[in-house]
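*Asks:* Sending over a structure as structure tokens; questions will come in a sec.
The values are calculated or read from the model by the stated rules, or taken from the named source; none is laboratory data. Quick caveat: nothing in here was measured; it's all calculated off a predicted structure. Positions of Cβ are generated from backbone atoms using ideal geometry, with glycine treated the same way; all protein chains shown enter the neighbour counts. When the accessible area is computed, the model is the full protein with side chains, heavy atoms only, and any ligands, DNA or RNA have been set aside. Shrake-Rupley method; radii C 1.70, N 1.55, O 1.52, S 1.80 Å.
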Amino acid sequence: MPYRHAPYFVGFVLLVIMAGFWASYFAFGGAIPLAFHVHAISSMMWLALLIVQQVAVQRRAIELHRWLGRASFVLFPFLMFGFVMIINRAAHRFVVREDEVIAALGPAFGVGMGIAIAAYLTLFYLALKHRRNVKLHAGYMLATPLILFESPFSRVMGDYLPWMNVIGSDFPLAILDTIAISDALVAVFALVLWARDRKHGAPWLVAAGFTMLQAVMMWFAPFMPGLTEGFAAYAAIPPAMTLALGIAAGSAAAWLGWEAGKRPARAKTAAATV
């Protein structure tokens with residue numbers, strides 16, 4: 001089974017999430033918006049699913065792995081729902097200028113979340129499309145935590161490891177520095193995995209591409225004309241509509257990936273006659 005150390009890798013991402021959001025979410029004593037709960041629960045459930053799936057395969061519990069795979073058809077749209085809830089909340093906070101950070105960086109956050117959603121949709125679709133190739137399927141599924149890593153690790157960097165910010169922008173742009181550096185680290189990690197097995201390394205190239213795109217787009221977002229107006233226009237869309245689109249996109253990625261991964265009719269016929 002490829003990626004035999006994958007449960008530890010995904011577990012490490014979980015620990016980074018706990019550290020990055022400890023003060024603002026896990027140990028926070030005040031009221032927490034529903035969007036944060038949905039996003040946290042769906043994201044951590046996704047990581048837990050990956051860990052249990054990997055362990056199930058390693059212990060040859062193939063039927064359990066398959067059942068968890070079916071469960072992902074429900075969990076993945078829920079994951080997209082949580083992402084969209086976070087974008088919607090950021091858009092609302094941006095419009096009302098809740099604080100100086102969201103007023104300056106709201107569009108950048110919106111762009112970053114949009115790219116993260118696109119990355120997840122792509123990786124999950126490809127994981128299902130290539131489900132008959134164990135290495136590719138596992139790679140695409142295990143690449144999804146890389147998309148989650150940037151947000152909590154950038155907070156860890158800002159709170160505990162400020163020396164890692166070698167860019168050194170003034171506040172609040174320094175927040176985008178930590179995000180760009182986190183994405184760059186993820187891209188380097190993904191490229192190392194690709195270099196180790198180029199034949200089956202496509203998942204890591206895809207992940208590296210999305211994380212570098214996110215780093216560049218978010219860092220330059222405050223200087224891009226039209227993004228402020230675009231994010232304000234997004235905020236005017238009824239939340240129910242964007243949430244429904246998020247669920248629909250997640251469901252479509254699952255269905256299209258499943259259909260794309262089916263055996264061709266000729267292959268089925270040939271197998272039946274052997």
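*Asks:* Using a Förster distance of 45 angstrom, determine the FRET efficiency expected from the C-beta separation of Ala232 and Arg60, and round it to 0.05. Present the calculation step by step, with values, prior to reporting the outcome.
*Replies:* Values: r = 53 Å, r/R0 = 1.19.
Once rounded, the FRET efficiency stands at 0.25.
*Asks:* Continuing with this model, one more query. With the contact rule set at Cα under 8 Å and sequence spacing of 6 or more, what percent relative contact order holds for the chain? Walk me through the numbers on the way to the answer.
*Replies:* Values: 329 pairs, mean separation 69.4, N = 274.
The value is 25 percent.
*Asks:* Still on this structure, I have one more. Using a probe radius of 1.4 Å on heavy atoms only, what accessible surface per residue do you get for the chain? Whole Å² is fine. It would help to have the intermediate numbers written out before the result.
*Replies:* Numbers: 13940 Å² over 274 residues.
Accessible surface, normalised per residue, equals 51 Å².
*Asks:* Among 67-75, 49-57, how do they line up by average Cβ neighbours within 10 Å per residue, starting with the highest?
*Replies:* Final packing ranking: 49-57, 67-75.
*Asks:* Order of 167-174, 101-108, 205-212 by packing, highest average Cβ count within 10 Å first? Each step should come with its number before you reach the end.
*Replies:* On the way: 167-174: 12.8, 101-108: 20.0, 205-212: 21.8.
Going from most to least packed, we get 205-212, 101-108, 167-174.
*Asks:* Carbon-plus-sulfur fraction of the accessible area of the stretch 33-89, 1.4 Å probe, in percent? It would help to have the intermediate numbers written out before the result.
*Replies:* Working: 1960 of 2740 Å².
Carbon and sulfur: 72 percent of the exposed surface of the stretch 33-89.
*Asks:* Counting Lys +1, Arg +1, Asp -1, Glu -1, what net charge surrounds Ala208 among other residues with beta carbon under 15 Å of its beta carbon? Please list the in-between numbers first.
*Replies:* Working: positive: Arg196, Arg198; negative: Glu150, Asp183, Asp197.
Summing Lys and Arg as +1 and Asp and Glu as -1 gives -1.
*Asks:* Tell me whether the stretch 127-264 comes out rounded, prolate or oblate; compute the Cα gyration tensor, take square roots of the eigenvalues as a ≥ b ≥ c, and use a/c under 1.5 as the rounded threshold. Don't skip to the answer; put the middle values down first.
*Replies:* Working: a/c = 2.65, a/b = 1.26, b/c = 2.10.
Because a/c hits 1.5 or more and a/b fails to exceed b/c, the stretch 127-264 counts as oblate.
*Asks:* So if R0 is 25 Å, what FRET efficiency would Leu173 and Ala118 give, r being the distance between their Cβ atoms, rounded to the nearest 0.05? Kindly include the intermediate steps, with their values, before the conclusion.
*Replies:* On the way: r = 24 Å, r/R0 = 0.96.
Once the sixth-power term is evaluated, E becomes 0.55.
*Asks:* Report in % the part of the accessible area of the stretch 139-274 that belongs to carbon and sulfur, leaving out ligands and nucleic acids; probe 1.4 Å.
*Replies:* On the way: 5140 of 7310 Å².
Roughly 70 percent, rounded to a whole number.
*Asks:* Let me ask another. Working out 0.36 nm times the residue gap between Ala19 and Trp255, then minus their Cα-Cα distance, what length gain in nm do you get to one decimal?
*Replies:* On the way: separation 236, 0.36 × 236 = 84.96 nm, distance 3.48 nm.
Extra length from Ala19 to Trp255 when fully extended: 81.5 nm.
*Asks:* Which of rounded, prolate, oblate describes the stretch 101-164, given a ≥ b ≥ c as roots of the alpha-carbon gyration tensor eigenvalues and a/c under 1.5 marking rounded, otherwise prolate only if a/b is larger than b/c?
*Replies:* On the way: a/c = 5.95, a/b = 1.87, b/c = 3.18.
Here the stretch 101-164 falls in the oblate category.
*Asks:* Right, something else. With each run of n ≥ 4 DSSP H residues scored as -39500 (n - 2.57), what mean residue ellipticity at 222 nm is computed for the chain after dividing by its residue count and rounding to the nearest 500 deg cm²/dmol?
*Replies:* Values: 10 runs with 214 residues, N = 274.
So the helix-based figure for the chain works out to -27000 deg cm²/dmol.
*Asks:* Checking the a/c ratio against 1.5 first, then a/b against b/c, what shape does the Cα gyration tensor give for the stretch 200-269?
*Replies:* Working: a/c = 4.58, a/b = 1.60, b/c = 2.87.
Oblate is the answer for the stretch 200-269, as a/c is 1.5 or above yet b/c matches or exceeds a/b.
*Asks:* Give a residue-ordered list of calculated ³J(HN,Hα) values for the stretch 63-80 (Karplus: 6.51 cos²θ - 1.76 cosθ + 1.60, θ = phi - 60°; whole Hz; x for Gly, Pro).
*Replies:* Values, residue by residue: 5, 4, 4, 5, 5, 5, x, 5, 5, 5, 5, 8, 5, 4, x, 5, 4, 5 Hz.
*Asks:* Oh, and also: If I build a Gaussian network model for the chain, linking alpha-carbon pairs within less than 10 angstrom, which residue out of Leu47, Leu245, Leu123 has the largest mean-square fluctuation?
*Replies:* Leu245
*Asks:* To continue, here is another question. Nothing charged except the Cβ atoms of Lys and Arg (+1) and of Asp and Glu (-1): what's the magnitude of the dipole of the chain about its Cα centre? Round to the nearest 20 debye.
*Replies:* Working: 20 positive and 12 negative charges, 377 e Å.
The calculation lands at about 1800 debye.
*Asks:* Also, I was wondering about something else. Suppose R0 equals 25 Å; then what is the FRET efficiency for Trp163 and Val101 from their Cβ-Cβ distance, rounded to the nearest 0.05? Each step should come with its number before you reach the end.
*Replies:* Working: r = 22 Å, r/R0 = 0.86.
In this case the efficiency is close to 0.70.
*Asks:* Sort 24-36, 2-14, 175-187 for me by packing, meaning the mean count of neighbouring Cβ atoms within 10 Å per residue, highest on top.
*Replies:* Values: 24-36: 11.3, 2-14: 15.8, 175-187: 22.6.
Packing order, densest peptide first, comes out as 175-187, 2-14, 24-36.
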